[in-house]
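Chemist: I have a structure I would like to understand better, so I am pasting it below and will then ask my questions one at a time.
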Amino acid sequence: MSRNTRTVSKVLLALMLVVVFQTSAIACTNILVGKDATTDGSVITSHTVDGRYDSRILIYPAEDHEPGTMVPIYDNIVYGDRTQLIELGQIPQVEHTYKYFHGGYPYANEHSVIIAESTIVGNRATTNSIEAIMTIEQLQELGLQRAKTAREAIEIIGELAVTYGFRESCWLGECLTISDPNEVWVFEVFGVGPFWTKDSGEPGAVWAAQRVPDDHIACVPNFSRIAEIDINDTDHFMACDNYIDTAIQLELYDPASDDPFVWRQVYGPFSINSRLWRVYSTLQPSGNWGFENLEELIDYPFSIKPDEKVSVEQVISLFRDVFDGAGAPFDMTDNEIWYYNDRDGNPVLSPLANPQPSTDVRTLFGMKNQPTIAVTHCSYYWVSQARSWLPNDIGGVVWIGLDNPHKGVFIPMRVGTERVPESWTVVDRDRYDRSCSYWAFDTVDRVSSQNYGRLMPMVAEVRDSLQNDMFAFHDAIDKVALELWEQDPHLARDFVTDYTYNMMLRSEQEYYDLADRLLHALPH
Amino acid sequence: MLYKRKPIAILFSIMAIMCLSTVVRGAELELSTPVAITTCGQSPGALMVKLIFNRANLENYHDDLLTAEYLKEQAAQGQGFKTLVITTGTSMKGMGAAGTDINVEIARIGKLIGEAKEQGMTVIGAHIEGMGRRVDHTDALSIETVCNQADVLMVIDDSDSDGYFTELAAKMEIPLLKAPQALNFAELLKELFTN
């Protein structure tokens, strides 16, 4: 690239950075698939981390700890890329902690325990006390360091929240979708009101968890999904002892009433949005899921059996979804404001039509925002596979990418991975910096959004070429890694590390090159 | 023996409570229910005040987005409020979730206080979430909007650790209700609400 091109690029980027738009941070989507509902027996969970959160990929090794060691408990982990962590307290450390993958919301460990997050808000009465110290991201970190299975993670996270108090870090209640190579669970937690004190001996959190049946899929799109709880069905439900008592104390439930105890209605409020419809109607078209009246979503079941078995590729495709061509009122390009008439009077779709229009554009044209699954303000995203027939180093895979999932790639990072390129371990979103991978993907997103119709095909070409290579090589990488693992697990870890490392560098470089080409192709 | 000790224990409890919470100035202060509760800045403070009033068994109505129009409607139906409590200090998350911002909040609260004064209600400006809700410009705007027009101030010790509310109450010559912890207000409010 010439010096002039670089200068032009920097000026244009600086101008575009001025018009960064604000959107709600409460917009994370999780899609879950049980092992008998996937094409290959994988257990899947996933997370679009929507909002400005720490997108660095940091891998912390397993460690042994001396008896009596204490662990600092922090606030601001989600903003760790740009703010100081604040120590809220300390708790006893365990003898051994497992290797885990850290981001704004820590997500995987060496045992293929994989955890996604979605803020689910909740009744205002569940506001936490200022003495509560366990944020959801801190609980994820501790769970990953200490658990070998999803159930263990639920027990550990639930107990820590109850003991030390659940502290909101986004807005009220939180959901974690927790998987291992055999099963996947939905775990939900709320505060117990502003007057809880750590010395009271009372529980500092209320939580429940429900397992997704092995032949089902589920989706968490920022609202509570657990309905009635059969606490005797231990194969499908777990909950804290106080899950009803806290509701009574907070005056959210009257046991004298004839009403059944419906978790999501009690601790809610139940919210609705089009993402749940999109996931259910895509994976189970025979269900004829209604969308004309979004209120119908309140009756959507916790999970459904898909019409066909679901692959990782399909979940990735759903994560890229922006409702374009959906044939439903949620497609933001299906709006007359995007059309003009040609010389013959025929309507023509403008290349400016964009399924992810900015706040400024929506304000100008009076468009209603539809919360699509892929959003421009996503920090990072991933779709995971946990596979019981492979060693965890190989069988646990997090297909991860940065920025807008509609335009980015999903790079397979097996949990045996020991390191990633330095450019994926740093981020400064207040300063354009080509030594940071985030800017490669964000620049492509920002530039292509200026003229979606003309530029998106260029993005799709690079994205799909890279992605198809990664899909094509996936089984072969597994096979070679397994052969190496049988000789020596260290060899397998080195191999999967090198593969992921190289795919990250290649993707980053191709996106920076694409960004330069997009700037040249951007019409005046 | 236990029976004889009980009245003494109750007396000590009451004394302890009165020591914990204090009315600085205006010991003759008398307040009346029903009480309307809202927030200027969408922090959880108003919820906390509601829970305190519930604990004191005092009739109250809580709405984080309470409007002057609602006060007017209730009064027109002969169900007007006697006291209005507005908590101060802001939550950006709370305002975002409620679809409001500090400017909208200030406009709403301005009209609300105007209507409350019109109806002869007592306006209590509260700050019960500590210095954590006195950190930025929006917190200051929320506090100034409410407390500079209040008839009574109600704060916890931590909120007043720099003496801001003590000075303000003295300057405005209005009563200041003060307690170490928010829950300590429950017993004090029982004493002050006379109806």
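Every read-out reported here was derived from the displayed coordinates using simple, explicitly stated rules and does not represent laboratory data. Since we're looking at a predicted model, the values are computed, not measured. Because the Cβ atoms are built from the backbone with ideal geometry, glycine has one as well, and the counts that use them run over all protein chains shown.
Chemist: Set Lys and Arg Cβ to +1 and Asp and Glu Cβ to -1, take the dipole of chain B about its Cα centre, and tell me which of B:A76, B:A170, B:L192 lies farthest positive.
Modeler: The one lying farthest along the dipole's positive direction is B:L192.
Chemist: To continue, here is another question. Can you divide the C-alpha Rg of region A:390-521 by 2.2 N^0.38 Å and report the result to two decimal places? If you can, show how the numbers build up before the last one.
Modeler: Working: Rg = 16.1 Å, N = 132, 2.2 N^0.38 = 14.1 Å.
Here the answer is 1.14, to two decimals.
Chemist: Continuing with this model, one more query. Which three extents, in whole angstrom, do the alpha-carbon atoms of chain A cover along their principal axes, largest first?
Modeler: 72, 58, 45
Chemist: A further question on this structure: In degrees from 0 to 90, rounded to the nearest 10, what is the angle of the helix A:136-146 Cα long axis to the longest principal axis of chain A?
Modeler: With both axes taken from Cα atoms, the answer is about 70 degrees.
Chemist: Moving on to the next point. Need the list of aspartates and glutamates near A:K309 for cross-linking: C-alpha distance under 15 angstrom, and skip anything on the same chain fewer than eight residues off.
Modeler: Once the sequence-local aspartates and glutamates are set aside, what remains near A:K309 is A:D36, A:D40, A:D214, A:D215.
Chemist: Taking K and R as +1 and D and E as -1, what net charge do the other residues with C-beta under 15 Å from the C-beta of B:G41 add up to? Let's see the in-between values first.
Modeler: On the way: positive: A:R124, B:K93, B:R108, B:R133, B:R134; negative: B:D63, B:D64, B:D101, B:E105, B:E129, B:D136, B:D139, B:E144.
My count for the surroundings of B:G41 gives -3.
Chemist: While we're here: Let me know the shape class of region A:31-289, please: from the alpha-carbon gyration tensor, a ≥ b ≥ c as square roots of the eigenvalues, rounded when a/c is under 1.5, otherwise prolate if a/b is greater than b/c, or oblate. Working shown, then result.
Modeler: Numbers: a/c = 1.56, a/b = 1.11, b/c = 1.41.
Note, shape of region A:31-289 comes out oblate.
Chemist: Name the residue from B:S32, B:I113, B:A126 whose Cα lies farthest towards the positive end of the charge dipole of chain B, charges +1 on Cβ of Lys and Arg and -1 on Cβ of Asp and Glu.
Modeler: B:S32
Chemist: Sticking with this one: Between beta-carbons, use under 11 Å as the cut-off and find the net charge around B:T87, counting Lys and Arg +1, Asp and Glu -1. Intermediate values should be presented prior to the final figure.
Modeler: On the way: positive: B:K50, B:R133; negative: B:D64, B:E129.
Value of the local net charge: 0.
Chemist: Excluding residues on the same chain fewer than 8 positions from B:K93, give the lysines whose Cα lies under 23 Å from its Cα.
Modeler: Correct list for B:K93: A:K368, B:K50.
Chemist: Can you compute the label reach from A:L482? Point 7 Å from Cα along the Cβ direction, backbone N cut-off under 20 Å, restricted to region A:386-402.
Modeler: Within reach of a label on A:L482, which here means backbone N under 20 Å from a point 7 Å along Cα→Cβ, region A:386-402 contributes A:386-399.
Chemist: Something else about it: Rounded to whole Å, give me the distance from the Cα center of region A:420-438 to that of region A:254-314.
Modeler: Taking the Cα centre of region A:254-314 as reference, the centre of region A:420-438 is 38 Å away.
Chemist: Also, I was wondering about something else. Over region A:156-309, with a single point scatterer placed on each C-alpha, what log10 of the ratio I(q)/I(0) does the Debye formula yield at q = 0.09, 0.12, 0.15, 0.19 1/Å?
Modeler: Computed log10 I(q)/I(0) values: -0.31, -0.55, -0.84, -1.25.
Chemist: Give the residue from A:A492, A:N293, A:V444 lying farthest towards the positive end of the charge dipole for chain A; charges sit on Cβ (+1 for Lys and Arg, -1 for Asp and Glu) and the dipole is referred to the Cα centre.
Modeler: A:V444
Chemist: Which angle between 0 and 90 degrees, to the nearest 10, do you get for helix A:274-283 versus the longest principal axis of chain A when only C-alpha atoms count?
Modeler: 90
Chemist: At a Förster distance of 30 Å, what's the computed FRET efficiency of A:A256 paired with A:I298, Cβ-Cβ distance as r, to 0.05?
Modeler: Efficiency at R0 = 30 Å is approximately 0.75.
Chemist: Then there's this: Considering only DSSP beta bridges with both partners in chain A, what is the antiparallel share in %, to the nearest 5? Walk me through the numbers on the way to the answer.
Modeler: Numbers: 64 of 67 bridges.
Counting DSSP beta bridges with both partners in chain A, the antiparallel share is about 95 percent.
Chemist: Give me a comma-separated list of calculated 3J(HN,Hα) values for region A:95-103, in order, Karplus coefficients 6.51, -1.76, 1.60 applied at θ = phi - 60°, integers in Hz, x for any Gly or Pro.
Modeler: Values per residue, Gly and Pro as x: 5, 9, 10, 8, 4, 8, 9, 10, x Hz.
Chemist: If the convex hull of the alpha-carbon atoms of region B:2-192 is projected onto planes in all directions, what is the mean projected area in square nanometres? Present the calculation step by step, with values, prior to reporting the outcome.
Modeler: Values: hull surface 46.8 nm².
Spelled out: convex hull of the Cα atoms, projected over all directions, averaged, 11.7 nm².
Chemist: With +1 on each Lys and Arg Cβ and -1 on each Asp and Glu Cβ, how big is the dipole of region B:33-191 about its Cα centre, in debye rounded to the nearest 20? Walk me through the numbers before you get to the answer.
Modeler: On the way: 13 positive and 22 negative charges, 56 e Å.
Once rounded to the nearest 20, the dipole reads 280 debye.
Chemist: As I understand it, the value is the acute angle between the Cα axis of helix A:489-521 and the longest principal axis of the Cα atoms of chain A; what does it come to in degrees, rounded to 10?
Modeler: On a 0 to 90 degree scale, this one is about 40.
Chemist: For a Förster distance of 41 Å, can you work out the FRET efficiency between the beta-carbons of A:R82 and B:T166, rounded to the nearest 0.05? Write out the running numbers ahead of the final one.
Modeler: Values: r = 37 Å, r/R0 = 0.90.
Efficiency, from the Cβ-Cβ distance: 0.65.
Chemist: Students often get this wrong: which residues of region A:448-479 have the backbone nitrogen under 11 Å from the point 7 angstrom along Cα-to-C-beta of A:N335?
Modeler: none
Chemist: FRET efficiency for B:V104 and A:H474, Cβ-Cβ distance as r, R0 = 56 Å, nearest 0.05? Don't skip to the answer; put the middle values down first.
Modeler: Numbers: r = 51 Å, r/R0 = 0.91.
With a Förster radius of 56 Å, E is 0.65.
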